[in-house]
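The values are calculated or read from the model by the stated rules, or taken from the named source; none is laboratory data. Only a predicted model underlies this, so the values are computations on that prediction, with no experimental measurement involved. Accessible surface areas use protein heavy atoms only, side chains included; no ligands, DNA or RNA. Shrake-Rupley method; radii C 1.70, N 1.55, O 1.52, S 1.80 Å.
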Amino acid sequence: MSSAGPSPEITLLQSLTLLVARWSSPALQRSVAQTAGVEVDAADVSTLYVLGMRGPMRAGDLAKDVHASRPTVSKQLARLERAGMIRREVDPLDGRVSIVRLSAQGVAAHQRLLAQGIRMMRRALRDRPRADATAFAAEVADLIQRLGVTDSPGDPAGGHQRSRPGRDSQEDQS
């Protein structure tokens, strides 16, 4: 009786677990930031990236999005503010709360991080025909959605309802 190897479920579970662990590691975050020419602490890269991807938000909502405690995000935001990457503004809906947004320097840093990530994806997909890479990307996006991981504010799978202050386009943030 021959062994057919691990099931697709085990292979996916192991591969995704390794990917998440490696991708979120301080060593890789530091390397990506350095290669992109972004001078921030490795621990702050994901916070900078999420702000660039999702736009202005309250610090508490950001903490939920990056899966970190409020005190941790508060320290990250203080470092990013000192580095000139973010600015805080009073929430027009609740003057007791601040909205955090990328500064022009933060937008530029986010764009460099994004460009570096795209280069990494292109390298990983370089041996696939474009149609295969497109189909693969759609399959991964579908898998992530089926697993209940979303970027949609208020989506029950996302785990929380979030206020969405007016989001400026990247051009408006510069």
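Here's how it looks for residue 58: its modeled amide H is under 5 Å from those of 100, which are all 5 or more places away or on a different chain. Backbone phi angles across region 32-45, fed through the Karplus curve with coefficients 6.51, -1.76 and 1.60 (θ = phi - 60°), yield HN-Hα couplings of 4, 4, 4, 5, 7, x, 9, 9, 9, 4, 4, 5, 9, 4 Hz in residue order; Gly and Pro are listed as x.
Of the solvent-accessible surface of region 8-129, computed with a 1.4 Å probe over protein heavy atoms with every protein chain present, carbon and sulfur atoms account for 58 percent.
Starting from the Cα gyration tensor of region 15-103, take the square roots of the eigenvalues, sort them a ≥ b ≥ c, and report rounded, prolate or oblate (rounded when a/c is under 1.5, otherwise prolate if a/b is larger than b/c, else oblate). In terms of gyration-tensor shape, prolate.
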